[in-house]
Amino acid sequence: MADTILTIAVVLIFLSILFGVVRLIVGRTVFDRVVAIDMLTVVTIALIALYAHLSGRFVYLDVALVYGLLSFLAVLAIARFLERGP
């Protein structure tokens, strides 16, 4: 039962990566692309956490946490830059 749930989780994560890349390519504005990149980082964090669970090495959760914090700071920096305008 747990293997089935993990398989479904992996499939859903890779589908969300596919949709995020499509939004990144098709996005009409810079804001669409920033949101797509932010979504891809969240999905990557989920993928890292799933890998940590599957491998039994929970040090990867620390990596995911640091990656999430850096992603949050990067999105804030981009938002401040876009708020100023050209």
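Throughout, read-outs are computed from the coordinates displayed, never taken from laboratory work. Predicted model, so just to flag it, every value in this text is computed and none were measured. Backbone-built Cβ (ideal geometry, glycine too); neighbour counts: all protein chains shown.
Based solely on its DSSP helices, what 222 nm [θ] is calculated for the chain when runs of n ≥ 4 H residues each add -39,500 (n - 2.57) and the sum is averaged over all residues, nearest 500 deg cm²/dmol?
So the calculated ellipticity at 222 nm is -32000 deg cm²/dmol.
To the nearest 20 debye, what charge dipole does the chain have about its Cα centre, counting +1 at the Cβ of each Lys and Arg and -1 at the Cβ of each Asp and Glu?
Magnitude of the dipole: close to 260 debye.
Are there trypsin sites (Lys or Arg not before Pro) in the range 16-81 that DSSP marks as loop and that have at most 11 other Cβ atoms within 10 Å, and which are they?
Arg28, Arg57
Give the relative contact order (percent, whole number) for the range 2-84; include only Cα pairs under 8 Å separated by 6+ residues.
22
What list of ³J(HN,Hα) couplings, whole Hz, do you get for the range 54-69 from phi and the Karplus terms 6.51, -1.76, 1.60, once you set θ to phi - 60° and write x for glycine and proline?
Working through the residues one at a time gives 5, 8, x, 10, 7, 5, 5, 5, 5, 4, 5, 5, 5, 4, x, 5 Hz.
What do you get for chymotrypsin sites (Phe, Trp or Tyr not before Pro) in the chain restricted to DSSP loop and a cutoff of at most 16 other Cβ within 10 Å of the site's Cβ?
Those that pass, being in a loop and sparsely packed, are Phe58.
Rounded, prolate or oblate: which fits the range 2-84 when a ≥ b ≥ c are the square roots of the eigenvalues of the alpha-carbon gyration tensor, with rounded for a/c under 1.5 and prolate only if a/b beats b/c?
Since a/c reaches 1.5 but b/c is at least a/b, the shape of the range 2-84 is classed as oblate.
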